[in-house]
Amino acid sequence: MLTSSVGNFPQMELPENLHLRVLRTYNMLWSMNPVANAFPILLQEDFDVVHVHSYIFFMSNTAAAARPLRSFRYVLNFHGGVSHNGMPDPCSFKMWVKDHVFDRTVGKATVRLADVVTSVSKRDIPQIESKFGVTAQYVPNAVSTEKFIPVDNESRVITYVGKLEHWKGAGQLLSIFKKVSREVSDVKFRVIGNGSLANVFRRSDIPLELTGHVPHDRMPSYYHDSAVSILPSYMEGAPTTCTITVLGSPTTSRFPLAFPSAVQFLRTVLLFRTNPAP
């Protein structure tokens, strides 16, 4: 397993046949794309299958560039990132560049060089096929129902989990929290994650718990201690949203997401359109 050095990597017990290699990260493009070079490793070592998550990341682009030079099978997995709606001004130019420059050049090559293209979202498949001219297969995400178990609680905590970036909707969290606190006096707020907006939350006059990074194995306890989970992202896939909804914790989120088919039968999810009709 190859990954960038962005994030926290506590001591983890890994199976004997799983080797984690954390690559040096030279920069973060636009606060969302880690620049870590896997290209030399992919050329020098023998792999049967290279499974890549998302086409927008630099490591994915280097895997695509190595594919014509080696004989491994290159499998590209989409978990969101194809569509976005109502992106806030700090991100609107980035999304224009993605849609009109990147997707037509590097992004398109990254997708078309793949031997197999998969998506965790049925909704994204028609867009993938029309935009890039490839066939995509549906491979759903899964959540462990042994670790993530719905529980009853009397919590008054509203929890956000995700990167503290504008494209995740984090720029609007404080205004949302302030409005809620004016109407509900005993509510508490928790923010789990890191990002370029972290200092904005630290300087806030709203009492909130800013945890930073939380290891995955500790996340169930935080979800269990939440009255509501909020997901204001403008560009979201399935992993976080599936984890939240399977716990039965009420969730408020923007629509459309990459996973409407996963929530249409759930009663704990409330979706809001980004730009509601007047």
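Would you please name the residue that is modelled with the lowest pLDDT, looking only at residues in the range 187-208 that are surrounded by fewer than 18 Cβ atoms within 10 Å (Cβ to Cβ) and hydrophobic (A, V, I, L, M, F, W, C)?
Among those that are surrounded by fewer than 18 Cβ atoms within 10 Å (Cβ to Cβ) and hydrophobic (A, V, I, L, M, F, W, C), it is 206.
Listed residues 241, 245, 252; which is under 22 Å from residue 81 (Cα atoms), assigned to a strand (DSSP E or B), within 17 Å of the chain's Cα centre (by Cα) and at pLDDT below 85?
Checking each option against the conditions leaves just 252.
In the list 110, 105, which residue meets the criterion of being in the same structural domain as residue 29 (by TED's automatic domain parsing), under 16 Å from residue 33 (Cα atoms) and at pLDDT 95 or above?
Of 110, 105, the one residue that is in the same structural domain as residue 29 (by TED's automatic domain parsing), under 16 Å from residue 33 (Cα atoms) and at pLDDT 95 or above is 110.
Please enumerate the residues belonging to the range 117-132 that are free of Cβ contacts under 8 Å to residues at least 40 places away in the same chain and touching a helix residue (DSSP H, G or I) at 6+ places or on another chain (Cβ under 7 Å).
Once the filter is applied, which keeps residues that are free of Cβ contacts under 8 Å to residues at least 40 places away in the same chain and touching a helix residue (DSSP H, G or I) at 6+ places or on another chain (Cβ under 7 Å), the range 117-132 yields only 132.
In the range 15-33, how many residues are part of a loop (DSSP other than H, G, I, E, B) and at pLDDT 80 or above?
Result for the range 15-33: 9.
Quick one: what pairs do we get from the range 144-156, first residue under 28 Å from residue 184 (Cα atoms) and surrounded by 13 or more Cβ atoms within 10 Å (Cβ to Cβ), second modelled with pLDDT of 75 or more and of a type in the set (D, E, K, R), C-beta under 6 Å, 6+ apart or different chains?
Hits for this filter: 155/225; 156/186; 156/188.
Looking only at the range 189-228, how many residues end up being outside any loop (DSSP other than H, G, I, E, B) and in contact with a strand residue (DSSP E or B) (Cβ under 9 Å, 6 or more places away or on another chain)?
16
Give me the pairs: first residue in the range 20-39 and without any contact (Cβ under 8 Å) to a residue 60 or more places away in the chain, second residue part of a helix (DSSP H, G or I) and small (Gly, Ala, Ser), beta-carbon distance under 6 Å, and six or more apart or on different chains, which are they?
That search, which allows pairs on different chains as well, returns 39/66.
Of the residues that sit in the range 151-173 and are among the small types (Gly, Ala, Ser) and assigned to a loop (DSSP other than H, G, I, E, B), which one is farthest from residue 33 (Cα to Cα)?
Applying the filter and picking the extreme gives 155.
Can you give me the number of residues within the range 209-223 that are touching a Lys or Arg at 6+ places or on another chain (Cβ under 6 Å), closer than 20 Å to residue 165 by Cβ and at pLDDT below 85?
Residues flagged as touching a Lys or Arg at 6+ places or on another chain (Cβ under 6 Å), closer than 20 Å to residue 165 by Cβ and at pLDDT below 85 within the range 209-223 amount to 0.
The values are calculated or read from the model by the stated rules, or taken from the named source; none is laboratory data. Quick caveat, the model's predicted, so the values are computed rather than measured. Every residue, glycine among them, receives a Cβ derived from its backbone with ideal geometry; neighbour counts consider all protein chains shown.
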